[in-house]
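The values are calculated or read from the model by the stated rules, or taken from the named source; none is laboratory data. Everything quoted here is computed from the prediction, not taken from an experiment. Positions of Cβ are backbone-derived with ideal geometry, glycine not excepted, and every protein chain shown enters the neighbour counts. With ligands, DNA and RNA removed, areas are computed over all heavy atoms of the protein, side chains included. Shrake-Rupley method; radii C 1.70, N 1.55, O 1.52, S 1.80 Å.
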Amino acid sequence: GNKWANVDFTRCTPPGCDQLGGICHAVAACTHKLLLQEEPYEEPMLISAKMCVGCGDCVKACPLGAITIVSGY
């Protein structure tokens, strides 16, 4: 089965991660550039679940625990 990153928007608040810039740490940590934050202070979104390898770098980078790796079949 495939694995991909899932953002829990009830927990994700970029100002809580980075009060000054509102930059999502998980977006910066994604080596495959599949998490996108269009504007500072906005929640990130996964561009493609198919391209995501579920490496977990974004999970480790998120200080709020808002991202998990999910599996599908």
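Could you work out the relative contact order of the chain, using alpha carbon pairs under 8 angstrom and six or more residues apart, expressed as a whole percent? Don't skip to the answer; put the middle values down first.
Values: 147 pairs, mean separation 33.3, N = 73.
Normalised by residue count, the contact order of the chain is 46 percent.
In deg cm²/dmol and to the nearest 500, what is the mean residue ellipticity at 222 nm of the chain if only DSSP H runs of at least 4 residues count, each as -39500 (n - 2.57), divided by the residue total?
Working: 3 runs with 14 residues, N = 73.
Value at 222 nm, helices only, nearest 500: -3500 deg cm²/dmol.
Using the heavy atoms of the protein chains alone and a 1.4 angstrom probe, what is the accessible area of the chain per residue in square angstrom? Present the calculation step by step, with values, prior to reporting the outcome.
On the way: 4660 Å² over 73 residues.
Here the residues of the chain average 64 Å² of exposed surface.
In whole angstrom, how long is each semi-axis of the equivalent ellipsoid of the chain, when you take the square root of 5 times every eigenvalue of its Cα gyration tensor and sort them from largest down? Walk me through the intermediate numbers first.
Values: eigenvalues 85, 27, 19 Å².
Gyration-tensor ellipsoid for the chain: 21, 12, 10 Å.
Provide the gained length on full extension for the span residue 71 to residue 11, in nm with one decimal, where the gain is 0.36 nm per separating residue minus the Cα-Cα distance.
On the way: separation 60, 0.36 × 60 = 21.60 nm, distance 2.00 nm.
Stretched out fully, the residue 71 to residue 11 stretch lengthens by 19.6 nm.
Residue 2 versus residue 60, label points 7 Å from Cα toward the beta carbon: distance in nm?
Result: 2.4 nm between the two label points.
Lys/Arg Cβ at +1, Asp/Glu Cβ at -1, dipole of the chain taken about the Cα centre: which of 24, 54, 34 is farthest positive-ward?
The residue sitting farthest along the positive end of the dipole is 54.
Using a simple charge model, +1 on the beta-carbon of Lys and Arg, -1 on the beta-carbon of Asp and Glu, nothing else, what dipole does the chain show about its Cα centre, in debye to the nearest 20?
Details: 5 positive and 7 negative charges, 74 e Å.
About 360 debye.
Starting from the Cα of residue 60, draw a straight line to each of the lysines and keep only those under 18 Å, dropping any in the same chain fewer than 8 residues away.
3, 33
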